[in-house]
Amino acid sequence: MKEQNSFSEKEINPLHNIEQWDEDVLERYTEDGKTKNEYRNYDNPQRDTVREFYRLNHTYQSYDFVQQKREEFLQFKRKQMRVWDAMDFLNTLVDDSDPDIELDQLQHLLQTGEAIRADGHPDWFVLTGFIHDMGKVLCLFGEPQWAVVGDTFPVGCAYSDKIVYPEFFANNPDYSDDRFNTKYGIYAESCGLRNVTMSWGHDEYLYHIMKDYLPEPALYMIRYHSFYSQHREHGYEHLMDDHDREMFEWVKKFNPYDLYSKSPKPPVVAELKPYYEGLIRKYLPETIRL
Ligand SMILES: [Fe+2]
Ligand SMILES: [Fe+2]
């Protein structure tokens, strides 16, 4: 059963598919770590779609919206399934553009995991690469794209101009709310991200599913992997504490595997499945609740 959202179809799914957001992030950040200056200038019909996506994201991701989504989804009363089956479930997300060149969700996750494994990292890091986007199942529960993917950022305090398309925050009710529109808003200086509410999406959702099972660096990677305005742009140093700074080294280590491990050669699922099933057995419970 899909949740009833009070948005029009256009407001729910402005992107052709949710990978379009990932591809756009890839456009933004070159492999040598530089931000492309021409990012916002080039002429590309995809651009308008992404722009509309961010307009909706920045307009609606307010403090109250996030609280409402947390209330709605962090009770995990929708499904109970094995982790691998949740991956298969995620893979039912229909991709309606460029079917020839697009890799499906499972392939992106396997490629991320395999790239981490090839570099000799610990097995929990490989597992993290494999599951990091599992929270995108939110799309299958009828959630709007802009409440599943997209750059994440703190709510409850001023939006950083380091967030992509910051001008769209002017439409957000919190922008003119005195409780939320100052540098610290409802938070205190260096309060630590554990005390900060992030915008709602697949990162935060999966963090709550996994928080009892994986080492803390893995949880940081899952929870903050789309927080580009901090891990790439350092726009929220003032809310971070020393522990966050230590853990963000892992988030930064993870990011290139997410962005640059995409190869057009699809991994052979049947060959890799036993290894990943083994990792799931080692760290995660028999079933998880979504
Ligand atoms: Fe992601
Ligand atoms: Fe990803």
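Just so you know, all these numbers are worked out from the coordinates, no wet-lab data involved. As the structure is a prediction and not an experimental result, all values here were calculated from the model. In this analysis, Cβ positions are derived from the backbone assuming ideal geometry, glycine residues included, and neighbour counts consider all displayed protein chains.
Structure notes:
- Set 147, 115, 158: member being within 16 Å of ligand 1 (Cβ to nearest atom), surrounded by fewer than 23 Cβ atoms within 10 Å (Cβ to Cβ) and under 27 Å from residue 24 (Cβ atoms): 115
- The set of residues in segment 239-274 that are without any contact (Cβ under 8 Å) to a residue 24 or more places away in the chain, in a loop (DSSP other than H, G, I, E, B) and among the aliphatic types (A, V, I, L, M) contains only 268.
- Test: residue 203 is within 28 Å of residue 89 (Cβ to Cβ) and touching a helix residue (DSSP H, G or I) at 6+ places or on another chain (Cβ under 8 Å): yes
- Only one entry in 141, 180 is more than 16 Å from ligand 1 (Cβ to nearest atom) and under 19 Å from residue 73 (Cβ atoms), namely 141.
- Hits in segment 241-273 (condition: among the aromatic types (Phe, Trp, Tyr) and out of contact with any Gly (no Cβ under 8 Å at 6 or more places or on another chain)): 248, 250, 260
- Filter result (within 16 Å of ligand 2 (Cβ to nearest atom), farther than 23 Å from residue 144 by Cα and surrounded by fewer than 22 Cβ atoms within 10 Å (Cβ to Cβ)) within segment 183-218: none
- Residues located in segment 224-238, provided they are touching an Asp or Glu at 6+ places or on another chain (Cβ under 8 Å) and not in a helix (DSSP H, G or I): 225, 226, 227, 235
- Under the condition of being within 16 Å of ligand 1 (Cβ to nearest atom) and either among the acidic types (Asp, Glu) or outside any loop (DSSP other than H, G, I, E, B) (or both), the residues counted in segment 183-203 number 3.
- The combined condition, being within 18 Å of the chain's Cα centre (by Cα) and more than 26 Å from residue 29 (Cα to Cα), is not fulfilled by residue 179.
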